[in-house]
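Report on the structure given below.
The values are calculated or read from the model by the stated rules, or taken from the named source; none is laboratory data. Just so it is clear, the structure is predicted and the values come from calculations on it, not from any experiment. Quick reminder, even Gly has a Cβ in these numbers, built from the backbone with ideal geometry, and neighbours come from all protein chains shown. Quick note on the areas: whole protein, heavy atoms, side chains included, nothing else; ligands and nucleic acids left out. Shrake-Rupley method; radii C 1.70, N 1.55, O 1.52, S 1.80 Å.
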Amino acid sequence: MQVAVIGANGGIGRRLLPRLHDVGHDPIGVVRDEEQFDSIREREGTPRLGDLEGTFASALKDVDAVVFTAGSGGSTGWDKTLMVDLWGARRVVDSCEEQDIDRYVMISARGAADPDTGYEPLRPYLVAKRCADDYLQQSDLAATILRPTTLTDEEGSGRISSAFAPAGGGPDVSRADVAAAVVACLDDDATIGHTIELYGGDTPVEEAVHPPS
Ligand SMILES: NC(=O)c1ccc[n+]([C@@H]2O[C@H](COP(=O)([O-])OP(=O)(O)OC[C@H]3O[C@@H](n4cnc5c(N)ncnc54)[C@H](OP(=O)(O)O)[C@@H]3O)[C@@H](O)[C@H]2O)c1
């Protein structure tokens with residue numbers, strides 16, 4: 001599959017591109033700065049330009065699936081939270097529907113299920129993530145929503161734990177293991193329609209994201 005990764009130069013995105021390539025997908029790295037093109041190519045991705053606050057639709061041309069792993073980050077203001085994490089994410093859903101792109105994996109965040117009980121300084125971010133998730137769920141896309149807890153840059157272990165209903169917390173999870181979970185979801189249609197919290201743990205990633213029967 002041609003898989004467009006929005007946020008390809010980010011912590012999860014950089015780890016995701018080579019993993020997609022290794023299992024036979026064709027990763028498209030969507031970035032907002034041409035200076036990042038070489039870094040995308042080094043990770044086996046085909047670079048395309050797209051800015052969630054500007055234009056990005058052409059970056060999704062002819063792709064089969066989209067992974068949203070962009071984020072405004074903790075050092076910007078709530079204006080960027082609105083324009084990137086909420087509005088940008090919604091615009092990507094619209095663009096997928098317009099271009100008949102069916103498969104979608106969203107990197108959301110633990111706590112988005114119930115922003116009112118989240119860590120207070122992060123509540124506006126959790127609201128933005130929740131609203132973007134709701135919009136995706138109400139679309140016709142074949143979506144899987146992943147809600148990782150706090151991310152680390154540790155090496156991946158290939159093992160995590162998951163929850164198919166809000167679990168209230170758990171160990172931090174590495175960006176590498178979240179990238180592995182994205183690949184596992186793209187290769188497992190049983191994950192479509194599910195919202196899955198991700199934590200550190202001991203279950204092999206493919207098993208952890210497969211819904212319980
Ligand atoms: N940090 C955590 O503990 C945590 C926990 C749960 C969920 N999450 C979510 O997990 C996802 C990935 O996190 P991460 O830590 O890997 O992210 P990251 O390293 O901060 O990367 C985010 C990427 O988004 C890109 N981006 C920002 N604004 C954009 C725009 N207007 N158009 C296009 N791209 C844009 C950035 O581009 P540049 O490289 O150009 O800046 C960056 O490459 C995010 O959705 C985040 O909200 C994070």
Residue list for region 8-46, filter: of a type in the set (Lys, Arg) and over 22 Å from residue 184 (Cβ atoms): 32, 41
Among (1) crowded, with 18+ Cβ neighbours inside 10 Å; (2) under 19 Å from residue 126 (Cβ atoms); (3) not charged (D, E, K, R), the one test that residue 174 misses: (2)
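Considering only region 66-88, how many residues are within 18 Å of the chain's Cα centre (by Cα) and closer than 22 Å to residue 121 by Cα?
The total comes to 15.
Only one of 103, 159 is open to solvent by 20 Å² or more (accessible area, probe 1.4 Å), touching a residue at least 40 places away in the same chain (Cβ under 8 Å) and more than 15 Å from the ligand (Cβ to nearest atom). Can you tell me which? Walk me through it before giving the result.
Working: 103 fails: open to solvent by 20 Å² or more (accessible area, probe 1.4 Å).
From the options 103, 159, the qualifying one is 159.
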Select from region 49-65 the residues that are within 11 Å of the ligand (Cβ to nearest atom) and over 17 Å from the mean Cα position of the chain (by Cα) and write down the one among them that is surrounded by the most Cβ atoms within 10 Å (Cβ to Cβ). 49
For region 16-42, enumerate the residues that are surrounded by fewer than 22 Cβ atoms within 10 Å (Cβ to Cβ), in contact with a strand residue (DSSP E or B) (Cβ under 9 Å, 6 or more places away or on another chain) and not hydroxyl-bearing (Ser, Thr, Tyr). 18, 19, 21, 25, 26, 32, 33, 34, 36, 37, 38, 41
So residue 113, is it modelled with pLDDT of 95 or more, aliphatic (A, V, I, L, M) and more than 26 Å from residue 20 (Cβ to Cβ): yes
With away from the ligand (no atom under 12 Å from the Cβ), open to solvent by 20 Å² or more (accessible area, probe 1.4 Å) and not polar (S, T, N, Q) as the only criterion, which of 1, 83 stands out? 1
If you go through region 113-141, how many residues are open to solvent by less than 50 Å² (accessible area, probe 1.4 Å), touching a residue at least 12 places away in the same chain (Cβ under 8 Å) and either in contact with a Gly (Cβ under 8 Å, 6 or more places away or on another chain) or assigned to a helix (DSSP H, G or I) (or both)? 7
Among the candidates 195, 150, single out the residue that is among the polar types (S, T, N, Q) and within 12 Å of the ligand (Cβ to nearest atom). 150
